[in-house]
Amino acid sequence: MSHEAESVSQSNQQASGKTQPQVCTIWQLTQHTSQPEQLAEAGAVLAQGGIVAFPTETVYGLGADAGNTSAVEAVFAAKGRPADNPLIVHISQNHQLDELVQRVLPLERQLMDAFWPGPLTLVMPVMEDVLSPRVTAGLRTVGVRMPDHPVALALITASGKPLAAPSANRSGRPSPTTAAHVADDLADRIDGIVDGGDAGVGVESTVIQVKENGTVFILRPGGITREQLLTIATDVKLDPGLAGVSAEIAPLAPGMKYTHYAPRGNMSIVIGHSPAHVGAWMQQQLLAAQQRGEQVGVLTFDEDTTDYGSALRLSLGSAEQTEQAASRLYGSLRTFDDHNITYILAQGCSESGVGLAVMNRLSKAAGGQIITVD
Ligand code: AMP
Ligand code: MG
């Protein structure tokens, strides 16, 4: 644990509820209890240009008033995020959308009715002079979503602003699914953290763009699956840059070109038709790596019975349950870092349902290194 995170947890022990930590304020929310004073305080910090991390149903976000350029710049600085990677704007009420975008297509409205609040971001033509130009990274579009988390919704409402909020991690690191992950990365760089327990889905929102002709392009797979989108839209396509797990660039979603979500160790994904062959191959490679002096780890599924010896073995749960894999993914990548693992092999999973997002993030974390064993 970093020095910064330690001082947060020390000061956090002083009293229940809001404390005065040395590093950044933590508003500790007890689950199932609404704490309007805490949220009003955090909302006021945001309204005054501060930057505050908060839970959503996907991962923790780092919020700033989307109309305040210096607040938005503070988000980019805290994360070390490249300036050409735009931020998603989070709203809590439908009417806020009309102030942000030039028009809403009927199909976009249907998708929002079906999946908002929820992990679906729609990229739409931005209204001029409402948002800080830093939010859209100079694009003529803005990505908007309404998160399905009571704390996120209450905080947005308390701030009275649409909140620009990327994931609350240092750029390049796995996204945070707990307040402790946020503190590890950012405690000395932001104004506060609203701690509302674990985030739910575990991978980020699905980013889509709807064309005038009714085609829906998935720019980034996420918590709303392609199968779910097909219940509302008849034509749903993966952005060409996303075809297959080895995709490198999704030009329409600038963020996808960066190495993302990565643990510090060198990671490769291993796929193949026979789980037994894949396991045997991984066992051999891990042993060889260990003999070279690497600290080795393996990311696998419960069904895998291979003996990986002293490698740090983490399971994403059953290979049949990709929702569970999504919720465990980033925490597992951070656990490898906590154990100073330098060499990681990860088993691939099915790309159906949220498995598409899991494989997309694994592939990004592995810098596109995918090995097929037959
Ligand atoms: P993050 O904030 O880390 O969850 O990343 C946001 C993702 O949404 C990145 O992949 C961005 O490139 C994408 N995104 C945000 N706004 C837009 C936009 N206006 N057009 C296309 N992609 C966007
Ligand atoms: Mg992110």
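The values are calculated or read from the model by the stated rules, or taken from the named source; none is laboratory data. This is a predicted model, so every value here is computed, not measured. All accessible areas refer to the heavy atoms of the entire protein, side chains included, with ligands and DNA or RNA removed. Shrake-Rupley method; radii C 1.70, N 1.55, O 1.52, S 1.80 Å.
Some points to look at:
- Cα centroid of the range 279-332 to Cα centroid of the range 40-100, whole Å: 36 Å
- Computed log10 I(q)/I(0) for the range 36-157 at 0.21, 0.22 Å⁻¹: -1.32, -1.43, from the Debye equation with unit scatterers placed on every C-alpha and solvent omitted.
- Applying the Karplus relation 6.51 cos²θ - 1.76 cosθ + 1.60 with θ = phi - 60° to the range 265-282 yields 3J(HN,Hα) values of x, 7, 10, 10, 9, 10, 10, x, 6, 9, x, 5, 5, 4, x, 5, 5, 5 Hz, where x marks Gly and Pro.
- Accessible surface of the chain [probe 1.4 Å, protein heavy atoms]: carbon and sulfur percent: 49 percent
- J(HN,Hα) series, the range 287-298, from Karplus relation 6.51 cos²θ - 1.76 cosθ + 1.60, nearest Hz, glycine and proline x: 4, 4, 5, 4, 5, 7, x, 6, 8, 10, x, 9
- In the chain, the DSSP beta bridges split such that about 35 percent are antiparallel, to the nearest 5.
- Listed residue pairs exceeding 23 Å between alpha carbons, taken from 161/364; 237/364; 211/237: 161/364
- Solvent-accessible area of residue 136 with every protein chain in place, 1.4 Å probe, in Å² to the nearest 10: 10 Å²
- Average accessible surface area per residue within the range 71-165, 1.4 Å rolling probe, Å²: 39 Å²
- Listed residues 230, 97, 362, most fluctuating in the chain (Gaussian network, C-alpha, under 10 Å): 230
- Stokes-Einstein translational diffusion, the chain - Kirkwood Rh over all Cα pairs, 1.567 mPa s, 4 °C, in µm²/s: 61 µm²/s
- Relative contact order (%) - criterion: Cα under 8 Å, at least six apart; region: the chain: 18 percent
- Amide H within-cut-off set for residue 303, under 5 Å, with H built and near neighbours excluded: 319
- Residue-by-residue Karplus 3J(HN,Hα) for the range 152-162, coefficients 6.51, -1.76, 1.60, Hz, glycine and proline x: 4, 5, 5, 5, 4, 4, 4, 6, x, 10, x
- Subtracting the Cα-Cα distance of residue 129 and residue 47 from 0.36 nm times their residue separation leaves 27.7 nm of extension gain.
- Sequence-separation-based contact order of the range 300-339, relative, with Cα cut under 8 Å and 6+ spacing, percent: 33 percent
- Summary value for the range 142-223: 18 percent relative contact order, contacts being C-alpha pairs under 8 angstrom separated by 6+ residues.
- Accessible surface of residue 107, taken over heavy atoms with a 1.4 Å probe and every protein chain present, rounds to 30 Å².
- Heavy atoms of residue 231: accessible area, 1.4 Å probe, square angstrom to 10: 100 Å²
- Long-range HN-HN contacts of residue 371 with modeled amide H, under 5 Å: 269, 270, 271
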